[in-house]
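What follows is one structure encoded as structure tokens, with my remarks underneath.
What follows is calculated from the coordinates using simple rules that are stated; it is not laboratory data. In this text, all values refer to a predicted model and were calculated from it rather than measured experimentally. A quick note on method: Cβ atoms are made from the backbone with ideal geometry, for glycine too, and the neighbour counts reach across all protein chains shown.
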Amino acid sequence: MNCKQATKLISDSKERKLNLQEKVSLKTHLIICPYCRSFQKNCNKMTQLMKQFTE
Ligand SMILES: [Zn+2]
């Protein structure tokens, strides 16, 4: 998995459930890639913010 695929999976995971294989490969990528780790962090923050706005 490269960063492009990983970031896509991270955004996808906000809209649908990832399957086991996707989860595993994403997790493996996040362990070795600090860039995607911070992308995921920001993504989670955004999701939380959006939630606060809609509630
Ligand atoms: Zn990456």
Size of charge dipole - region 3-54 - debye, nearest 20, with Cβ of Lys, Arg +1 and Asp, Glu -1, no other charges: 80 debye
Cysteines in the chain lacking a second Cys C-beta under 4.7 Å: 3, 43
Candidate lysines for bridging to residue 45, where Cα separation is under 18 Å - those fewer than 8 sequence places away on the same chain excluded: 8, 14
Virtual spin-label span in nm between residue 20 and residue 54, 7 Å along Cα→Cβ: 3.0 nm
Counted charge near residue 31, where neighbours are those whose Cβ lies closer than 14 Å (Asp, Glu -1; Lys, Arg +1): +3
Relative contact order (percent, whole number), the chain, Cα cutoff 8 Å, 6+ residue spacing: 39 percent
Proxy reagent accessibility, fewest Cβ within 10 Å first, across 33, 3: 3, 33
